[in-house]
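Asks: Below you will find the structure I want to go over with you.
The values are calculated or read from the model by the stated rules, or taken from the named source; none is laboratory data. Just so it is clear, the model here is predicted, and its values are computed rather than measured. Every residue, glycine as well, gets a Cβ built from its backbone with ideal geometry; the counts of neighbours run over all protein chains shown. Heavy atoms of the whole protein, side chains included, go into the accessibility calculation; ligands, DNA and RNA do not. Shrake-Rupley method; radii C 1.70, N 1.55, O 1.52, S 1.80 Å.
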Amino acid sequence: MKILIATEKPFAPAAVKNITSELEGAGHEVLLLEKYTDKAQLLEAVKDVDAMIVRSDKITPDVLDAANQLKIIVRAGAGYDSIDTKYAKEKNVVVENTPGQNSNAVAELVFGMLVYAIRNFYNGKSGTELKGKKLGILAFGNVGRNVARIAKGFDMDVYAYDAFCPAEAIEAAGVHAVKTQNDLFKVSDVLSLHIPATPDTIKSINYEMVNQLPKKAILLNTARKEVINEEELLKLMAEREDLKFITDIKPDADEEFLKFTGRYFSTPKKMGAQTAEANLNAGVAAAKQINAFFETGDTTFQVNK
Ligand code: 3PG
């Protein structure tokens with residue numbers, strides 16, 4: 001089978017090497033399309049491939065239409081909002097993700113960004129400490145759980161809310177489970193977002209929600225930019241000079257947020273899963289899933305059933 005690795009944001013070279021040998025070891029041919037700048041390159045590359053490994057690459061209907069032989073796409077990562085899963089289903093293309101494989105990398109970045117923000121972006125003036133602060137984790141999935149684990153090392157007081165995870169499972173991880181999302185925002189000195197972008201969550205982090213945060217709170221987004229109502233957050237930040245917003249996904253209104261000097265920071269490009277370890281874990285898991293699919297028909301990680 002022909003397997004295309006299509007990554008606008010490439011994996012670390014060591015990961016590409018291991019993914020390739022995993023697939024070639026199973027008798028497949030591997031094609032590589034990295035750092036493409038034009039959709040036409042992707043449309044051309046998918047033409048006769050049987051499977052694809054992607055990251056946040058946009059797999060829209062035109063890509064699926066161009067890929068006549070395609071049977072499976074594996075998103076090497078957690079979030080699959082960049083793939084038109086419904087249309088893929090119509091075209092009989094299985095879509096899978098690799099849950100948990102890059103979650104530690106994202107969780108570690110949370111703390112890299114938090115220390116930076118709480119120390120006033122290293123401007124030389126006294127900041128504060130994470131120890132003893134209340135950390136709110138919105139969504140207790142793989143990343144949220146890793147954030148909770150690391151937060152305990154910082155001696156933070158950890159709270160979480162997840163609409164789909166029972167409170168008992170949160171408490172079992174030694175984290176305070178709160179009853180509602182509003183309760184989480186009310187209690188959190190630092191609020192870390194780990195929700196996927198779905199019709200229910202898009203723009204859900206709005207004026208009313210964020211305004212419940214206590215004084216001097218930090219809102220941190222390492223999830224998806226779409227979950228933030230940017231217009232409303234801009235309005236709130238103009239009104240509340242105590243609020244900080246830091247994000248690993250550059251908002252559309254980046255220029256406007258930049259006006260809030262000392263209260264806003266965005267990484268230049270989404271960095272959460274950008275570690276050799278995460279690339280290796282997610283990429284090799286994706287290759288193994290493709291091998292299992294062609295060998296035994298395994299679709300354990302299918303997200304468009
Ligand atoms: C994910 O959903 O797995 C993370 O957001 C990482 O995405 P990336 O592979 O595009 O960096």
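Asks: From the gyration tensor of the Cα coordinates in the stretch 1-127, what semi-axes in whole Å does the equivalent ellipsoid have, largest first, with each one equal to sqrt(5λ)?
Replies: On the way: eigenvalues 226, 56, 38 Å².
Rounded to whole Å, the semi-axes are 34, 17, 14.
Asks: Which far-off residues, 5 or more places away or on another chain, put their amide H under 5 Å from the one on residue 97, with H placed in the peptide plane?
Replies: Excluding prolines and chain starts, which carry no amide H, the hits are 75, 303.
Asks: How would you rank 247-254, 115-122, highest first, on the average number of other Cβ atoms within 10 Å across their residues? Walk me through the numbers on the way to the answer.
Replies: Values: 247-254: 17.4, 115-122: 15.9.
Highest mean packing first, the order is 247-254, 115-122.
Asks: Next question, about the same structure. Return one number: the angle in degrees, 0 to 90 and rounded to the nearest 10, between the long axis of the Cα atoms of helix 230-239 and the longest principal axis of the Cα atoms of the chain.
Replies: In the chain, helix 230-239 runs at an angle near 20 degrees to the longest axis.
Asks: Only loop residues by DSSP count here, and only those with at most 12 other Cβ atoms within 10 Å; note down the trypsin sites (Lys or Arg not before Pro) in the stretch 165-247 that meet that. Spell out each step's value before the answer.
Replies: On the way: sites: 179, 186, 203, 215, 216, 224, 225, 235, 240, 244; in loops: 179, 203, 215, 216, 224, 240.
Here the sparse-neighbourhood loop sites are 179, 215.
Asks: How large a share of the accessible area of the chain, in percent, is made up of carbon and sulfur atoms when the probe is 1.4 Å and the other protein chains stay in place? Intermediate values should be presented prior to the final figure.
Replies: Working: 7270 of 14330 Å².
Roughly 51 percent of what the probe reaches on the chain is carbon or sulfur.
Asks: So what does log10 I(q)/I(0) come out to for the chain at q = 0.08, 0.13, 0.16 Å⁻¹, using the Debye formula with one equal point on every Cα and no solvent?
Replies: Normalising to I(0) and taking log10 leaves -0.38, -0.94, -1.25.
Asks: So, in nm, how far is label residue 305 from label residue 31 when the simple model puts each one 7 Å beyond its Cα toward the Cβ?
Replies: Distance between the two pseudo-spin positions: 3.1 nm.
Asks: Roughly how much of residue 32 is accessible, in Å² to the nearest 10, using a 1.4 Å probe?
Replies: The value for residue 32 is about 90 Å².
Asks: Shifting gears a bit: May I ask for the Rg/Rh ratio of the stretch 67-185, computed from Cα atoms with Rh as the Kirkwood radius, given to two decimals?
Replies: Checking Rg against Rh, the ratio lands at 1.11.
Asks: Treat every Asp and Glu Cβ in the chain as -1 and every Lys and Arg Cβ as +1, leave all other atoms uncharged, and give the resulting dipole magnitude about the Cα centre to the nearest 20 debye.
Replies: Details: 38 positive and 42 negative charges, 159 e Å.
Using only the charged Cβ atoms, the result is roughly 760 debye.
Asks: Rounded to whole Å and sorted largest first, what semi-axes of the equivalent ellipsoid does the C-alpha gyration tensor of the stretch 1-76 yield via the square root of 5 times each eigenvalue? Please report the intermediate quantities before stating the final value.
Replies: Details: eigenvalues 70, 45, 18 Å².
The equivalent ellipsoid of the stretch 1-76 has semi-axes of 19, 15, 9 Å.
Asks: If I ignore ligands, DNA and RNA and count only protein heavy atoms, how much of residue 260 is accessible to a 1.4 Å probe, in Å² to the nearest 10?
Replies: Probe radius 1.4 Å; accessible area of residue 260 about 30 Å².
Asks: Given only helices, namely DSSP H runs of n ≥ 4 each adding -39500 (n - 2.57), what is the per-residue ellipticity at 222 nm of the chain, to the nearest 500 deg cm²/dmol?
Replies: Theoretical 222 nm ellipticity from helices: -10500 deg cm²/dmol.
Asks: Angle, helix 276-296 long axis vs. longest principal axis of the chain, Cα atoms, 0 to 90°, nearest 10?
Replies: Rounded to the nearest ten degrees, it is 40.
Asks: Nearest 10 degrees, 0 to 90: what angle lies between the long axis of helix 103-118 and the longest principal axis of the chain (Cα atoms)?
Replies: So the helix axis and the longest Cα principal axis differ by about 30 degrees.
Asks: Give a residue-ordered list of calculated ³J(HN,Hα) values for the stretch 203-211 (Karplus: 6.51 cos²θ - 1.76 cosθ + 1.60, θ = phi - 60°; whole Hz; x for Gly, Pro).
Replies: 6, 6, 8, 10, 3, 4, 5, 5, 5
Asks: Right, here's the next one. Quote the convex hull volume per residue of the stretch 124-261, based on C-alpha atoms, as a whole number of Å³. Can you show the working numbers first?
Replies: Details: hull volume 15.1 nm³, N = 138.
Enclosed volume per residue, from the Cα hull, is 109 Å³.
Asks: Evaluate the relative contact order of the chain (contact order divided by residue number), counting alpha-carbon pairs under 8 angstrom at least 6 apart; express in whole percent.
Replies: Numbers: 610 pairs, mean separation 59.8, N = 305.
20 percent.
Asks: Let me ask something additional. Given a 1.4 angstrom probe, what's the average accessible area per residue across the chain, in square angstrom?
Replies: Heavy-atom SASA per residue in the chain reads 47 Å².
Asks: Moving on to the next point. Going down the table (152/179; 35/134; 35/244; 216/250), which pairs top 31 Å between alpha carbons? Numbers along the way, then the final one.
Replies: Working: 152/179 21 Å; 35/134 40 Å; 35/244 33 Å; 216/250 22 Å.
Pairs exceeding 31 Å: 35/134; 35/244.
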